[in-house]
1. Please give the contour-minus-distance gain from LYS53 to THR39: 0.36 nm per residue of separation, less the Cα-Cα distance, rounded to one decimal in nm.
2. Please identify which residues in region 59-87 have an amide N closer than 20 Å to a label point set 7 Å out from the Cα of ILE4, following the Cα→Cβ vector.
3. Order 58-65, 119-126, 14-21 from most to least packed using the mean count of other Cβ atoms within 10 Å.
4. Fewest first, what order do CYS9, CYS95 take by the number of other Cβ atoms within 10 Å?
5. Two decimals is fine: what's Rg over Rh for the chain, C-alpha atoms, Kirkwood radius as Rh?
6. For the chain, just give the cysteines left without a disulfide-compatible partner, judged by no other Cys Cβ under 4.7 Å.
7. ASN92 to ILE108: extension gain in nm, 0.36 nm per residue of separation minus the Cα-Cα distance?
8. May I ask you to sort VAL68, VAL104 by Cβ crowding, counting other Cβ atoms within 10 Å and putting the fewest first?
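Just so you know, all these numbers are worked out from the coordinates, no wet-lab data involved. Only a predicted model underlies this, so the values are computations on that prediction, with no experimental measurement involved. Quick reminder, even Gly has a Cβ in these numbers, built from the backbone with ideal geometry, and neighbours come from all protein chains shown.
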Amino acid sequence: MGQIVSLRCENCGNKIDLQIGQGIRDNNLDIVLGYFDVTSQNLIKDSLSSAGKDAIWAYSRMIVSCDVNHNIQAVPTFHIIENREDRIVAINCNCGGTHTFISVDDIINGTGCKCPKCGKTFKYSISELWD
Ligand SMILES: [Zn+2]
Ligand SMILES: [Zn+2]
């Protein structure tokens, strides 16, 4: 089950819809690999084969701010959880830069999620997405 987070800037009219979380079929590795480019797919496969036998993987679409172009978007992320440590091994974003994660709590609190066009705090709405 995922969520849709809708961000709306009352100052400049900027509007961003973000689909986050994971769908029902996203526990299937072949389906999940399809969300990533070939470079990331290879990184994921290498990370899985070098992880310990108790490691598990997880997939989620997460909200990030791209540090290069300051876009806010929801991107596929691939996690390996080993020894209670959640490690993100791949993020599928074509900006070529690094990313700052924005949690739903950050959005609700109004921190860490400013309109990239004008810098004002977004209004938000969150709806459940059943797929
Ligand atoms: Zn704005
Ligand atoms: Zn990016």
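1. Values: separation 14, 0.36 × 14 = 5.04 nm, distance 2.36 nm.
Gain on extension, LYS53 to THR39, equals 2.7 nm.
2. 60-64, 72-76
3. Descending packing order for the listed peptides: 58-65, 14-21, 119-126.
4. Working: CYS9 19, CYS95 16.
Neighbour counts put them in this order, fewest first: CYS95, CYS9.
5. Working: Rg = 15.8 Å, Rh = 15.8 Å.
Result: Rg/Rh = 1.00.
6. CYS93, CYS113
7. Here the answer is 3.3 nm.
8. Details: VAL68 11, VAL104 17.
If I rank by nearby Cβ atoms, fewest first, I get VAL68, VAL104.
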